[in-house]
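Here's the structure, in structure tokens; my notes come after.
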Amino acid sequence: MSLRTVVRNINRYRVARISDRNFLLIASIIVGVAMGFVAVLLKKSVHALQLALGGLFKDNAWEFLFYLLPLIGILLTVFYVQKIRKGKTGSGISSIIQSVSKRHGNVSPDNMYTHMVGSAITVGFGGSVGLEAPIVATGSAVGANIARIFLLSHKERVVLLACGAAAGIAAVFNTPVAGVLFAMEVLIAEFSIPTFIPILIASASGAVVSRLMYDEHLFYLLTKEWRVDAIPFYLLLGGLCGLISVYFMRMYFWTEKKFAAVKTVVPKAIGGGLLLGLLIFCFPVLYGEGYSTMAALFQNNSDKLLNNTFYKEWITNPYVFLVIIAGIVFFKVIASSLTLHAGGNGGVFAPTLFTGAVTGFGFAYFFNATGWKELLTVNFVAAGMAGILSGVVHAPLTAIFLIAEVTGGYTLFVPLMIVAAVSYFISRAFEPYSIYTEKLAQKGFKIDDRELVLLNNIKPESIIDRKYIALKYDDSFRKLSNAFLITDQTVFPVLNDEQKLTGLVYIDDVKSILLREELFDKTSVADVSVKPQYSISVKDDIQKIMRLFDISELWHIPVINADGAFIGFADKRILLGLLRETLNAHHLSEQL
């Protein structure tokens, strides 16, 4: 029996015996368990690869080759994408957010493994990025395609897509609550009970599987209290994190723009890889995800920041050490951007946590070293992680609960809330969109405008009225009068022999002639036609069309194809009707 037959039989049984709502809960468990296994497999394989490669160059004459490992990883990732995947990198989180917002939830099946392979190579060879975004992309693909296989609706497909993302985050960090919040806050950007329950189940399932197979806590927070008199310093840290978040995003997109100007992929990979190797030589803590460094900071082990540096013995002044810390924060952002835009695969989740941890440590170290105030360093390490994550991803709830869960520092909820909130508001003041939605906004897809997002669900082709009576310049007015009697058109296109639009005749403009038949044969279409002021290309998006309707105050705008030929009128009445139907369907889905 083939797999297709098995799936068909399961679908028949499901339709006959199980309601869609109950099956959605069952499917969410399946997605959660699957992503638990996927996350553990990816983490273990990457860590094993890092250990094996690190051991090859330890304490021998070839140690300098260690700094070329990230370059090799980027080149291998480029080879995989260009030669094996034929240039298809798969959908990232930005594309997935757009898919969710458009309410179709379509994610290519290729996404279920593309990011896994690419990120394992990049991070395994020391690329300065994380595995979380690839796992989210993989989980979204798993959820969306399970929904497709079992013939679930588009709405349920979106829910299972979010289930996969939530389960991926939960399994990576062993943080089920943060997984749910990430899916609701970043991907879906709205809350409803029918959506929340399956995501909660999937996230819990992923965390359970991860805990059973990989019972290793990332961090241990050695604190049991926070002091009220430190609140002003948490406010200051929040402001600093907000500014660093703005720097993070702007450097990320600036680097992307510079690398996009290089059209050939191999020189781009070599150049980025060499620069990355140079940064790692200067600051070895930039190698890989950086979780071991974060864990060391939670243990008050600041020596980790200087491990394997050629200048370790020279750092005896605390203020010089602060300069090194600032350099690590500054160059970590550049290292992550280089890794991704040179051709590597990974995400910015881990770099934001690393940058936040070092920022929080450096902030507390500064005040402790100067004697201005004695601060609990580990508290500020945790708060800094929440601050940068909140500022870059624009997801304060996810940041608060992720750090609280991953560190076990539930007593730090108030400091985490303060730093995450302040960082978020400052970051958003400078950068209205997150690192995931900025690229969408640049393309005109503004995720925070819900009605505009729903408007994008309408296909431009669906508002074109192709049923029309056309005229020619040399036609008499009588032909126009006869056409007016058999159609409800209020505007007539005037076309030449090549079917190109040369003019328009508006009925409102010729009403006086329509009442005087003696003028029908004395007047030609050329006498009453006007030159079109506005036209729409078949390639224009629905937002541009809507803006043109507003500017022109017209109800019908000519549509021209790629060859310049007239194909019909964009009808504002059709557009408003489709928009009303879309809004009604959206509100109904929220109530179900």
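Things to note:
- Members of segment 23-44 found to be open to solvent by 10 Å² or more (accessible area, probe 1.4 Å) and within 20 Å of T114 (Cβ to Cβ), listed by number: A34, F37, V38, L41, K43, K44
- Condition met for N22 (in contact (Cβ under 8 Å) with a residue 40 or more places away in the chain and among the polar types (S, T, N, Q)): no
- The single condition from (1) more than 18 Å from the chain's Cα centre (by Cα); (2) polar (S, T, N, Q); (3) at pLDDT below 95 that T355 fails is (3).
- Qualifying residue in segment 569-579 (condition: aromatic (F, W, Y) and at pLDDT 80 or above): yes
- Among the residues of segment 155-192, the ones that are assigned to a loop (DSSP other than H, G, I, E, B) and either over 15 Å from the mean Cα position of the chain (by Cα) or without any contact (Cβ under 8 Å) to a residue 60 or more places away in the chain (or both) come to 5 in all.
- From the list I149, I96, I188, the lone residue that is β-branched (V, I, T), closer than 21 Å to E438 by Cα and surrounded by fewer than 24 Cβ atoms within 10 Å (Cβ to Cβ) is I188.
- So T138, is it touching a residue at least 24 places away in the same chain (Cβ under 8 Å), closer than 24 Å to T89 by Cβ and hydroxyl-bearing (S, T, Y): yes
- Filtered by the rule that a residue be open to solvent by 60 Å² or more (accessible area, probe 1.4 Å) and among the small types (G, A, S), segment 407-434 gives a lone residue, A429.
- Any hit, segment 199-209, residues being at pLDDT below 90 and crowded, with 17+ Cβ neighbours inside 10 Å: no
- Number of positions in segment 315-356 that are open to solvent by less than 10 Å² (accessible area, probe 1.4 Å) and among the aromatic types (F, W, Y): 2
- If you check D550, D527 for being over 28 Å from S476 (Cα atoms) and out of contact with any Cys (no Cβ under 8 Å at 6 or more places or on another chain), only one passes: D550.
- Some residue of segment 211-228 being open to solvent by less than 80 Å² (accessible area, probe 1.4 Å), modelled with pLDDT of 90 or more and of a type in the set (A, V, I, L, M): no
- Each residue in segment 357-406 was checked for being buried (at least 24 other Cβ atoms within 10 Å of the Cβ), polar (S, T, N, Q) and closer than 16 Å to A296 by Cα, and 2 of them qualify.
The values are calculated or read from the model by the stated rules, or taken from the named source; none is laboratory data. Just so it is clear, the structure is predicted and the values come from calculations on it, not from any experiment. Methodologically, a virtual Cβ is constructed for each residue, glycine included, from the backbone with ideal geometry; neighbour enumeration extends over all protein chains shown. Please note that ligands, DNA and RNA were not included when accessible areas were found on the heavy atoms of the full protein model with its side chains. Shrake-Rupley method; radii C 1.70, N 1.55, O 1.52, S 1.80 Å.
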